[in-house]
Amino acid sequence: MTAIRARRLGRLERPAIAGVLVREAINFSSYWRATTFSSTIEPTIYLLAFGFGFGALVSQVGGMDYVDYVATGTVATAVLFSSVFPAMFGTFVKYKFQRTYDAILAAPVDTEELVTAEVLWIAARAGVYGSVPLLVGMVFGLDPAWGMLTVPFIGFLTGLGGASFGVLVAAILNSIDNFNYVTSIVITPMMLVAGTYFPLDTLPTWVQVLGALNPLHHCVELVRDACFGWAGWVDLWHVGFLAGFALLMWRVAIWRMGKKLID
């Protein structure tokens, strides 16, 4: 078995990934209602609260109505909630309590294929759920645009990085209670310093630098450009950053989860 796994190292086999994806899809049919509710309602509440709460005080931001500004920005929040959290908690429960990963790895599937399939599945869901704030925004006056058709793909790309980060966190921490530290220190600041609810160019320079390193900020900028007009090479930079972040997190998550399962 060790020799077989050694020969497979570094090779992603489609049948193995497809098998894990099919398993996830079948399982998802039993809990999709709760997942869909939590992944869409909370960002929608943020949209309504900030859009109409601050919207009563601020009519326009960056040349657009504040409700439109928040609706396009909340896409990143929806992607965050539907990628990082399911990956963190789902992965931890599967390998720590349910021992699902032990069962999957007993089949001709290695850690690389397992993590890849999990990340792809969560990212696909994030791409769908991330589009919900735009639909809500349209109800309140956001004008439809052809560029909005790319938003699910932007959410998918952002979700790849978010899901990989969640898997990495689950592989590093030894207790589910420790997720509170990650939520407070990393995830909440990422959500706030993304340009979702207020522009970053009015904030101190160090906050703007943090924003430039925040994948959610690049997601927000891409979504706004998709809705109000593309910005050429700048958008390619945003795509490149999201792809690079996703690639880095994916590889590190595979490495750390491999060590975790061996231990």
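Data table
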{"item": "Sole exception among (1) closer than 13 Å to Val79 by Cβ; (2) of a type in the set (A, V, I, L, M, F, W, C); (3) loosely packed, with under 14 Cβ neighbours inside 10 Å for Leu149, by number", "result": "(1)"}
{"item": "Yes/no for Ala231 being under 30 Å from Gly63 (Cβ atoms) and either in contact with a strand residue (DSSP E or B) (Cβ under 8 Å, 6 or more places away or on another chain) or of a type in the set (A, V, I, L, M, F, W, C) (or both)", "result": "yes"}
{"item": "All positions within region 238-263 that are open to solvent by less than 40 Å² (accessible area, probe 1.4 Å) and either outside any helix (DSSP H, G or I) or on the phi > 0 side of the Ramachandran plot (or both)", "result": "none"}
{"item": "Pick from region 180-200, criterion closer than 25 Å to Met64 by Cβ and among the aromatic types (Phe, Trp, Tyr), ranking: least open to solvent (accessible area, probe 1.4 Å)", "result": "Tyr197"}
{"item": "Helices (runs of 4 or more DSSP H) wholly inside region 1-81 containing at least 2 residues that are at pLDDT below 90 and open to solvent by less than 40 Å² (accessible area, probe 1.4 Å)", "result": "32-53"}
{"item": "Single residue of Arg125, Arg99 found to be closer than 20 Å to Leu242 by Cβ and among the charged types (D, E, K, R)", "result": "Arg125"}
{"item": "Qualifying positions in region 176-229 - of a type in the set (Ser, Thr, Tyr) and assigned to a helix (DSSP H, G or I)", "result": "Tyr181, Thr183, Ser184, Thr188, Thr205"}
{"item": "Odd one out for Leu105 among (1) of a type outside the set (Lys, Arg); (2) surrounded by fewer than 18 Cβ atoms within 10 Å (Cβ to Cβ); (3) out of contact with any strand residue (DSSP E or B) (no Cβ under 8 Å at 6 or more places or on another chain); (4) without any contact (Cβ under 8 Å) to a residue 60 or more places away in the chain", "result": "(4)"}
{"item": "Enumeration of residues in region 201-237 that are open to solvent by less than 20 Å² (accessible area, probe 1.4 Å) and more than 21 Å from the chain's Cα centre (by Cα)", "result": "Val207"}
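Each row is one residue, and each column tells you yes or no for (1) under 13 Å from the mean Cα position of the chain (by Cα); (2) open to solvent by 10 Å² or more (accessible area, probe 1.4 Å).
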{"residue": "Val128", "(1), (2)": "yes, yes"}
{"residue": "Val136", "(1), (2)": "no, yes"}
{"residue": "Val139", "(1), (2)": "no, yes"}
{"residue": "Leu157", "(1), (2)": "yes, yes"}
{"residue": "Ser164", "(1), (2)": "yes, no"}
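The values are calculated or read from the model by the stated rules, or taken from the named source; none is laboratory data. Predicted, not measured: the structure shown is a model, and the values here were computed from it. Backbone-built Cβ (ideal geometry, glycine too); neighbour counts: all protein chains shown. Note: accessible area is taken over every heavy atom of the protein model, side chains too, but ligands, DNA and RNA are not part of it. Shrake-Rupley method; radii C 1.70, N 1.55, O 1.52, S 1.80 Å.
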